[in-house]
Amino acid sequence: MPPNPGAGTLYVPPVASEIVPHPALRPLLARLSAPDAALLAEAFAIARRAHAGQIRRQGTPYLDHLVEVALILDEDLGVSDPAILAAGLLHDAVEDSPLTVDDLGAFPRRTRELVALLTDPEPMMTGGARRAHYREIWKDPEATLLKAADRLSNLRDVVAHGDPTFTRRYVRRTRREILGEGMPLAAHPVAAPLLRAALEAADPRRGRRREVRGTS
């Protein structure tokens, strides 16, 4: 996650003229009713303000990750509820900016609940604190799907970054935290195959195994 810019920064909500959707979002918005499209456009505008200037590990704008999470929810995980899709766009806004959940009062209660659940309760959480946080997420099926979409996007970014050591560590962490025995996503009929395929694609050992097979 990018660093929090610090508390005390005045948040100014976007005005309507600023709501210019990300190109990748336009097909989704075109399929929605006008009120639902407006909700997602507003979520995008707030996410753009909250994450202004933030970039991902591989150098792409952080906003691209948020859009990708919303699209994974819609296209891969079958989520059509605009309140959940809006949470996909906003899921890191509180964690990575001075925004609070209360600042999202214009959004449906469900959106705010999901953003609160996906927000780390403290920076640099220990293993025990992270496991406790995940247990709260797993109690909510929609938050669980949102976490799956977030991790799928993160895995794609890890591959794009191209650091084998970090990738190997992140793959191990995902197998343990997300697909470990008894985890709800490990048995999910849609999310589990997508996550396992993403882990297989991301695992740096996969390429070495192919090279060995090719030389034998």
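Derivation of every value follows stated rules applied to the coordinates shown; laboratory data play no part. What you see is a predicted model, and the numbers here were worked out from it, not measured in a lab. Here Cβ is always computed from backbone atoms with ideal geometry, including for glycine, and neighbour counts include all displayed protein chains.
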Quiz prompt | Distance histogram for the stretch 79-169 (every C-alpha pair counted, 5 angstrom bins, percent rounded to whole numbers) | solution = 3, 13, 21, 21, 21, 13, 6, 2, 0
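Could you put Thr165, Thr111 in order, starting from the residue whose Cβ has the fewest other Cβ atoms within 10 Å? Could you put the intermediate results ahead of the total?
Values: Thr165 8, Thr111 25.
Sorted ascending by nearby Cβ count, the order is Thr165, Thr111.
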Quiz item: Going by average Cβ neighbours within 10 Å, how do the peptides 67-75, 50-58 rank, with the highest at the top?
Solution: 67-75, 50-58
Quiz item: Ranked by Cβ crowding within 10 angstrom, fewest neighbours first, how are Met124, Met183 ordered?
Solution: Met124, Met183
Quiz prompt | Whole-Hz couplings from phi, Karplus 6.51/-1.76/1.60, listed for the stretch 143-149; x for Gly and Pro | solution = 5, 4, 5, 4, 5, 4, 5
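About the Cα centre of the stretch 16-215, what is the dipole size in debye to 20, counting +1 per Lys and Arg Cβ and -1 per Asp and Glu Cβ, all else neutral? Walk me through the numbers on the way to the answer.
On the way: 29 positive and 28 negative charges, 250 e Å.
Value, rounded to 20: 1200 debye.
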Practice problem: With a point put 7 Å past each Cα toward its Cβ, work out how far Lys139 is from Glu113 in nm, to one decimal. | Solution: 1.2 nm
Self-check item: Residues Asp150, Asp92 arranged by fewest to most Cβ contacts within 10 Å
Solution: Asp150, Asp92
Quiz prompt | Built amide H within the under 5 Å cut-off of Ile55, gap 5+ | solution = Tyr62
Quiz item: For the stretch 16-215, what D do you get in µm² per second when you plug the Kirkwood radius from alpha-carbon pairs into Stokes-Einstein at 10 °C and 1.306 mPa s?
Solution: 90 µm²/s
Quiz prompt | the stretch 155-182-the stretch 39-76 distance, computed between alpha-carbon centres (Å) | solution = 21 Å
